[in-house]
Amino acid sequence: MKKGFGVMKIAMPYNHGRLNEHFGISQEFVVFNVEDGKINGKQVISSSTLQHNHGGLADLFTREGVKVIIAGGIGPPMLNALQSVGFEVVTGASGDAEKVASDFLSGQLATSSIGCNHACDGHEHL
């Protein structure tokens, strides 16, 4: 779906209003509802039982109707799992979650690294 047209949903790992840069250990995700290129609502969904669960997270996003996932660091296995079932995945983002979503919609999202291959807080980003 082309950005700016129609209805879509964007998900990202969430922590106190900000994009959680550690995808694999995120305990919740925010899902932004987008219509005609504008955010018109959001909801926070729990993923506390799905940490490092590739299939479970993909199923959660599918049930929620998500088309785009924006992440900071994400490991190759999780990235591959999401892309293999059709999600558009944007990596290397950071900052205020709503601003990240708005910047994505306007084509202004600044990203850095593509993924994450290092251990963090004793957990590998998966």
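A few points about this structure:
- Within segment 28-42, the set of residues being under 18 Å from residue 79 (Cα atoms) and loosely packed, with under 12 Cβ neighbours inside 10 Å is empty.
- Selected residue (criterion: surrounded by the fewest Cβ atoms within 10 Å (Cβ to Cβ)) from residues of segment 55-84 that are hydrophobic (A, V, I, L, M, F, W, C) and touching a residue at least 60 places away in the same chain (Cβ under 8 Å): 68
- Of all residues assigned to segment 43-54, at least one qualifies as being modelled with pLDDT of 95 or more and open to solvent by 20 Å² or more (accessible area, probe 1.4 Å).
Listed here are the residues, each with its yes/no results for (1) farther than 18 Å from residue 9 by Cα; (2) under 10 Å from the mean Cα position of the chain (by Cα); (3) not small (Gly, Ala, Ser).
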{"residue": "66", "(1), (2), (3)": "no, yes, yes"}
{"residue": "75", "(1), (2), (3)": "yes, no, no"}
{"residue": "83", "(1), (2), (3)": "no, no, yes"}
{"residue": "90", "(1), (2), (3)": "no, yes, yes"}
{"residue": "93", "(1), (2), (3)": "no, yes, no"}
{"residue": "101", "(1), (2), (3)": "no, yes, no"}
{"residue": "106", "(1), (2), (3)": "no, no, no"}
{"residue": "112", "(1), (2), (3)": "yes, no, no"}
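- The residue of segment 85-126 that is modelled with the lowest pLDDT, among those that are under 17 Å from residue 24 (Cα atoms), part of a loop (DSSP other than H, G, I, E, B) and open to solvent by less than 40 Å² (accessible area, probe 1.4 Å), is 125.
The values are calculated or read from the model by the stated rules, or taken from the named source; none is laboratory data. Fair warning: this is a prediction, and the values are worked out from it, not measured in the lab. Heads up, the Cβs are rebuilt from the backbone with ideal geometry, glycines too, and the neighbour counts pull from every protein chain shown. These accessible areas exclude ligands, DNA and RNA; they are computed on the full protein's heavy atoms, side chains included. Shrake-Rupley method; radii C 1.70, N 1.55, O 1.52, S 1.80 Å.
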